[in-house]
1. Quick one: what are the phi-derived ³J(HN,Hα) couplings along the range 69-86, Karplus 6.51/-1.76/1.60 with θ = phi - 60°, whole Hz, x for glycine and proline?
2. With r as the distance between the Cβ atoms of Lys42 and Thr200 and R0 = 30 Å, compute the FRET efficiency 1/(1 + (r/R0)^6) and round to 0.05.
3. How do Ser14, Ser168, Ser107 rank when sorted from fewest to most other Cβ atoms within 10 Å of their own Cβ?
4. Computed FRET efficiency, Cβ-Cβ of Tyr186 and Asp18, R0 30 Å: what is it to the nearest 0.05?
5. Using a ≥ b ≥ c from the Cα gyration tensor of the range 69-137 (square roots of the eigenvalues), is it rounded, prolate or oblate, where a/c under 1.5 gives rounded and otherwise the larger of a/b and b/c decides, a/b for prolate?
6. Given axes a ≥ b ≥ c from the Cα gyration tensor, I'd like to know whether the range 1-79 is rounded (a/c under 1.5), prolate (a/b larger than b/c) or oblate.
7. For the chain, just list the percent of Cα-Cα distances falling in each 10 Å bin from zero outward, please.
8. Around Ile191, which amide H atoms from residues at least 5 apart in sequence, or from another chain, sit under 5 Å from its own amide H, with H modelled in the peptide plane?
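Coordinate-derived values only; no laboratory data. Since we're looking at a predicted model, the values are computed, not measured. Every residue, glycine as well, gets a Cβ built from its backbone with ideal geometry; the counts of neighbours run over all protein chains shown.
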Amino acid sequence: MYKVETDELILDASKRLDQYIYENPEVGFTAVNFFANRIKLKDAPITSKLDELIKLSDEVNQKIAPYMACKKGCGNCCSAITWIKQHEADKIQEYTGRKAQRLAVRSQNQWLEAGQKFAGELCPFSKNNECTIYEVRPIVCRTHNNFVNDVSRCDVTNPDSKIKPILSFNADLVEVPYDELARELYGEEAIGEISEFFPTIKGDIK
Ligand code: SF4
Ligand code: SF4
């Protein structure tokens, strides 16, 4: 057991998260939950519902940006493990022309174990700390955010990041309905770390 220290940065981050929710109730927790469920349940093709959820997460990101520690060019999180699904890899293939591997459907224990070795490895689509596939980046990248003004906590190679948490707007609000709809559309899909789908030579992104 480690001692949990009083964390001034988390307190500061909580205040800014509260401030965001107070000043933007139309995209606070309750509203996003409501909108995401309404999209999920509406009578429309699943592909368009998935697109709408992506738009919703982008809208939240846009509103939340002034309150967050995340800034353009700040990419420690792109060296964390990035779990994506086969349909997301296929979308990236379509956008980049880079061939996505077809991974086998594995048990959760198997894909978790296989992906661990990529912790600390830069995503193959990161270049100069920027995302080269921003328009088609996976849902996990769209919903990841951090309010704590110490980006070293997002660096998985930093031992402190294991015991000092970041504070995020709840990603599950959009990610869970997205995953449920994707499962309905694509069935049981392969899940893997982004580098497993694109085992590229580092730095070859143009
Ligand atoms: S999650 Fe962390 S590393 Fe990623 S953009 Fe935000 S502050 Fe930067
Ligand atoms: S897809 Fe883009 S945002 Fe996501 S980990 Fe890779 S470089 Fe970062």
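1. Result, rounded to whole Hz: 7, 5, 9, 4, x, 9, x, 4, 5, 7, 9, 7, 5, 10, 7, 9, 10, 3.
2. 0.20
3. The order, fewest Cβ neighbours first, is Ser107, Ser14, Ser168.
4. Computed FRET efficiency for Tyr186 and Asp18: 0.20.
5. On the way: a/c = 2.39, a/b = 1.26, b/c = 1.90.
It comes out oblate by the Cα gyration axes.
6. Note, shape of the range 1-79 comes out prolate.
7. 8, 31, 36, 22, 3, 0
8. Arg106
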